[in-house]
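One structure below.
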Amino acid sequence: MNTRGGIFLDRDGTLILDREYLRDPTDVALIPGTTDAIKTLRKLGYDLFLFTNQSGIARGLLTLEDVNRCNEEMLRQIGLGQIFMDVCIATEGPNDAQIYRKPSPRFIGEMAKKYDLDRQFCYMVGDKGSDLLAGINAGIKAVFVRTGKPRSSEVEDLIRRKMSLAFNDLLSFTKYLKKSKICH
């Protein structure tokens, strides 16, 4: 029986400060505790995945190259080398056909199959309702972090209905996993 777990991480507001339509790598700033959180998740044995909506590409405000350069700068600042098993940059805008754009669960489903993940041991972590719904729609646990967008009524409802866990930041979530001995 497989017990391989995965953590799907939103980028803006979860790993780095949320700067609207980030295109310049010099504007990338890690949220405090990100590096320690990533170290802990790796020690606990989780596979890590980056899952980010980047509608600025569809809107013509930035390019895929801009996003990739910002991701490279984020990884440089984290300082742990290549940490993600796979990356999904959803380039659709809100009015486009939704293929990978959260709350679509498609990327999570594809990665669960590709890497033989046990969804019982997988989490989607983010700061928006669409992040949480992507996890819920994929049949994995949804985790809200308070480091990005303010909690919306949608997020409040998901937390109230116990469809999502809530933490101050990614590091607090990783401490919860460690304390609960939820490892892989």
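The values are calculated or read from the model by the stated rules, or taken from the named source; none is laboratory data. This is a predicted model, so every value here is computed, not measured. No Cβ is skipped: glycine too gets one built from the backbone with ideal geometry, and neighbour counts run over all protein chains shown. For the accessible areas, the whole protein counts, side chains as well, though only heavy atoms, and no ligand, DNA or RNA atoms are used. Shrake-Rupley method; radii C 1.70, N 1.55, O 1.52, S 1.80 Å.
Conditions (1) surrounded by fewer than 17 Cβ atoms within 10 Å (Cβ to Cβ); (2) in a loop (DSSP other than H, G, I, E, B); (3) in contact with a Cys (Cβ under 7 Å, 6 or more places away or on another chain), marked per residue:
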{"site": "Val143", "(1), (2), (3)": "no, no, no"}
{"site": "Thr147", "(1), (2), (3)": "no, yes, no"}
{"site": "Pro150", "(1), (2), (3)": "yes, yes, no"}
{"site": "Leu158", "(1), (2), (3)": "no, no, no"}
{"site": "Lys162", "(1), (2), (3)": "yes, yes, no"}
{"site": "Leu165", "(1), (2), (3)": "no, no, no"}
{"site": "Leu171", "(1), (2), (3)": "no, no, no"}
{"site": "Leu177", "(1), (2), (3)": "no, no, no"}
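For Ile89, indicate whether it is open to solvent by less than 60 Å² (accessible area, probe 1.4 Å), within 22 Å of Gln120 (Cβ to Cβ) and under 13 Å from the mean Cα position of the chain (by Cα).
no
Hey, can you tell me all the residues within region 67-76 that are surrounded by fewer than 16 Cβ atoms within 10 Å (Cβ to Cβ) and closer than 23 Å to Gly6 by Cβ?
Asn68, Glu72
Do you know which of the residues in region 4-49 that are in contact with a helix residue (DSSP H, G or I) (Cβ under 7 Å, 6 or more places away or on another chain), assigned to a strand (DSSP E or B) and among the hydrophobic types (A, V, I, L, M, F, W, C) is most open to solvent (accessible area, probe 1.4 Å)?
Across region 4-49, the extreme among qualifying residues is Leu30.
Could you tell me whether region 94-109 includes any residue that is in a loop (DSSP other than H, G, I, E, B), within 19 Å of Ser172 (Cβ to Cβ) and open to solvent by less than 20 Å² (accessible area, probe 1.4 Å)?
In the first step, residues of region 94-109 are kept if they are in a loop (DSSP other than H, G, I, E, B); the result is 94-105.
If we keep only those that are within 19 Å of Ser172 (Cβ to Cβ) as well, we get none.
Taking every residue of region 94-109 in turn, none turns out to be in a loop (DSSP other than H, G, I, E, B), within 19 Å of Ser172 (Cβ to Cβ) and open to solvent by less than 20 Å² (accessible area, probe 1.4 Å).
So which residues in region 50-66 are aliphatic (A, V, I, L, M), part of a helix (DSSP H, G or I) and either surrounded by fewer than 21 Cβ atoms within 10 Å (Cβ to Cβ) or touching a residue at least 60 places away in the same chain (Cβ under 8 Å) (or both), if there are any at all?
Of region 50-66, the ones aliphatic (A, V, I, L, M) are 50, 57-58, 61-62, 64.
Okay, now just the ones that are also part of a helix (DSSP H, G or I), so 57-58, 64.
Within region 50-66, Ala58, Leu64 qualify.
Please determine whether any residue of region 17-27 is touching a Leu at 6+ places or on another chain (Cβ under 7 Å) and without any contact (Cβ under 8 Å) to a residue 40 or more places away in the chain. So that I can check it myself, show each step before the final result.
Step one: filter region 17-27 for residues touching a Leu at 6+ places or on another chain (Cβ under 7 Å), giving 21, 23.
Those left that are additionally without any contact (Cβ under 8 Å) to a residue 40 or more places away in the chain: none.
Taking every residue of region 17-27 in turn, none turns out to be touching a Leu at 6+ places or on another chain (Cβ under 7 Å) and without any contact (Cβ under 8 Å) to a residue 40 or more places away in the chain.
Residues that are within 23 Å of Lys175 (Cα to Cα) and not acidic (Asp, Glu): does region 84-93 have at least one?
Yes, region 84-93 contains at least one residue that is within 23 Å of Lys175 (Cα to Cα) and not acidic (Asp, Glu).
Inside region 130-151, can you point out the residues that are without any contact (Cβ under 8 Å) to a residue 60 or more places away in the chain and of a type in the set (Val, Ile, Thr)?
Ile136, Val143, listed by residue number.
Suppose we filter region 3-24 for residues that are of a type in the set (Phe, Trp, Tyr) and over 11 Å from the mean Cα position of the chain (by Cα); how many remain?
Residues flagged as of a type in the set (Phe, Trp, Tyr) and over 11 Å from the mean Cα position of the chain (by Cα) within region 3-24 amount to 1.
Sort out which residues of region 130-143 are under 24 Å from Gly93 (Cβ atoms) and of a type outside the set (Ser, Thr, Tyr), and write them in order of number.
Across region 130-143, the qualifying residues are Asp131, Leu132, Leu133, Ala134, Gly135, Ile136, Asn137, Ala138, Ala142.
Which of the residues belonging to region 110-134 are under 17 Å from Phe84 (Cβ atoms), open to solvent by less than 10 Å² (accessible area, probe 1.4 Å) and not hydrophobic (A, V, I, L, M, F, W, C)?
Within region 110-134, Tyr123, Gly126, Asp131 qualify.
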